Each structure stands twice: as C-alpha cells, then as structure tokens.
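Visitor: What follows is a structure written as structure tokens; I'll ask about it next.
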Amino acid sequence: MIDTKVISQGVTRKVAGSGLQLKHLSIESERNGLSGLRSPLSEVTNGQIRVTKSEKVICAIASYLLPDI
C-alpha cells in the first residue's frame, strides 16, 4: 500500500505495530465493508486509538481493498 501511495509509511507502521496484517483488514472489509474496516482500525485499547480514526485514511484503505466502493 505504500508503493501505490494509499497510506503513508507512518500509518503503515501503526498498523504493523498494532498486530494487524493486510489479510485481517481484507477479511473485515469483505465481511462488513467500510464499517468492518473501521472497527479494528479505530478500536480503543488502553485509552488510545489502535491505529487511526481518520475517515480519510480508512476510506483510502477501503478503496484499495474494495475498489468497487
């Protein structure tokens, strides 16, 4: 996703640091669309957002995983 400039390297580090992998995001987006993708990315853990709650970033990832949105 970095090579195609969908998300920045910083967001990619946050995703990787959270334990999420592309396959996890892909499965969630296939099952529940945008809301399924939003859930693991914006989950609150220990009082902090897991990755991001930015709609711009979440929509960019969704458009990469689900090109027909």
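The values are calculated or read from the model by the stated rules, or taken from the named source; none is laboratory data. These figures come from a predicted structure and were not determined experimentally. Note that we place each Cβ from the backbone using ideal geometry, even for glycine, and neighbour counts take in every protein chain shown.
Visitor: Restricting to the stretch 1-50, what's the tally of residues that are part of a strand (DSSP E or B) and either of a type in the set (S, T, N, Q) or within 18 Å of LEU66 (Cα to Cα) (or both)? So that I can check it myself, show each step before the final result.
Guide: Of the stretch 1-50, the ones part of a strand (DSSP E or B) are 44-45, 48-49.
Next, only the ones that are either of a type in the set (S, T, N, Q) or within 18 Å of LEU66 (Cα to Cα) (or both) stay: 45, 48.
Of the residues in the stretch 1-50, 2 are part of a strand (DSSP E or B) and either of a type in the set (S, T, N, Q) or within 18 Å of LEU66 (Cα to Cα) (or both).
Visitor: Quickly run through the stretch 3-27 and pick out the residues that are among the β-branched types (Val, Ile, Thr) and farther than 12 Å from VAL57 by Cα. Before the answer, list the steps.
Guide: In the first step, residues of the stretch 3-27 are kept if they are among the β-branched types (Val, Ile, Thr); the result is 4, 6-7, 11-12, 15, 27.
Across the stretch 3-27, the qualifying residues are THR4, ILE27.
Visitor: Please go through the stretch 28-46 and pick out each residue that is exposed (fewer than 14 other Cβ atoms within 10 Å of the Cβ) and either over 11 Å from the mean Cα position of the chain (by Cα) or within 15 Å of SER63 (Cα to Cα) (or both). Talk me through it step by step, then tell me what you get.
Guide: Within the stretch 28-46, the subset exposed (fewer than 14 other Cβ atoms within 10 Å of the Cβ) is 30-32, 35, 39, 44-46.
Across the stretch 28-46, the qualifying residues are GLU30, ARG31, ASN32, SER35, VAL44, THR45, ASN46.
Visitor: Suppose we filter the stretch 23-40 for residues that are of a type outside the set (Ser, Thr, Tyr) and free of Cβ contacts under 8 Å to residues at least 24 places away in the same chain; how many remain?
Guide: The total comes to 9.
Visitor: Yes or no: GLY33 at pLDDT 90 or above, of a type outside the set (S, T, N, Q) and on the phi > 0 side of the Ramachandran plot? Spell out how you get there, then give the answer.
Guide: Details: at pLDDT 90 or above: no; of a type outside the set (S, T, N, Q): yes; on the phi > 0 side of the Ramachandran plot: yes.
No.
Visitor: State all residues of the stretch 51-69 that are surrounded by fewer than 16 Cβ atoms within 10 Å (Cβ to Cβ) and either aromatic (Phe, Trp, Tyr) or in a loop (DSSP other than H, G, I, E, B) (or both); if no residue qualifies, say none. Don't jump to the end; show me each part of the working.
Guide: First pass over the stretch 51-69, keeping only residues surrounded by fewer than 16 Cβ atoms within 10 Å (Cβ to Cβ): 53-56, 59, 63, 66-69.
Answer for the stretch 51-69, where residues must be surrounded by fewer than 16 Cβ atoms within 10 Å (Cβ to Cβ) and either aromatic (Phe, Trp, Tyr) or in a loop (DSSP other than H, G, I, E, B) (or both): LYS53, SER54, LEU66, PRO67, ASP68, ILE69.
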